[in-house]
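Have a look at the structure below before the remarks.
The values are calculated or read from the model by the stated rules, or taken from the named source; none is laboratory data. These numbers come from a predicted model, not from an experiment. In this analysis, Cβ positions are derived from the backbone assuming ideal geometry, glycine residues included, and neighbour counts consider all displayed protein chains.
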Amino acid sequence: MISSLLLRVSVTLLLIGMVFGIVMGIRQDFSLAPAHAHLNLVGFVVMFAAGLYYRIIPEAAESLLAKTQAALHIVGSVVFPIGIAVTLIKGPGHEAGAIIGSLIVLAATVLFAIVVFRTTALARAPMPLPRRA
Ligand code: HEM
């Protein structure tokens, strides 16, 4: 459940991030590139990796910690890039969204680190290769 949610949300954010990049290219205005970069990296790369982790080790997804981590990561992946964009557009004094977003992402990552430390030993042995005849 958490795994599917993270994988689906992450590819959705990737599509949005790519359209964002194409629009920057069409307009030849790269001033929001840091917002695009963080949407793609935090919203796709890291979130997709977390989704894969929960897929490989389903037991890791069962705790309240993991569910909280997933919720925080999704919220932070939206708030953080928007906060960066607002800061870049409006200038000094408008950093609140970026600061709050970064702290949400940090909190999600702390929880994820705890989940990984607690559960990584549960990884299954790889599937044996089929024997040759
Ligand atoms: C259709 C796909 C994409 C397009 C059209 C696109 C377009 C762009 C453009 C126009 C820039 C600004 C370049 C400049 O400042 O000269 C940029 C920067 C960047 N993009 Fe993308 N991008 C795409 C996908 C991605 C993905 C998938 C990632 C990461 C997983 C990514 C990460 C970055 C990073 C790290 C930067 C540098 C940001 C900075 O300099 O502040 N991009 N991209």
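Give the residue, chosen from Ala85, Ala49, that is more than 16 Å from the chain's Cα centre (by Cα) and under 20 Å from Leu14 (Cβ atoms).
Working: Ala49 fails: more than 16 Å from the chain's Cα centre (by Cα).
After ruling out the rest, the residue left standing is Ala85.
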| task | Any chance you could count how many residues in the stretch 36-71 are farther than 17 Å from Arg124 by Cα, away from the ligand (no atom under 16 Å from the Cβ) and surrounded by fewer than 21 Cβ atoms within 10 Å (Cβ to Cβ)? | result | 6
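Considering every residue within the stretch 20-35, establish whether at least one is closer than 29 Å to Val116 by Cα, near the ligand (Cβ under 9 Å from one of its atoms) and modelled with pLDDT of 95 or more. Reasoning before the result, please.
Taking the stretch 20-35 and keeping what is closer than 29 Å to Val116 by Cα, we get 34-35.
After this cut, where a residue has to be near the ligand (Cβ under 9 Å from one of its atoms) as well, the list is 34-35.
The next check asks that each one be modelled with pLDDT of 95 or more; those that pass are 34-35.
Within the stretch 20-35, one or more residues are closer than 29 Å to Val116 by Cα, near the ligand (Cβ under 9 Å from one of its atoms) and modelled with pLDDT of 95 or more.
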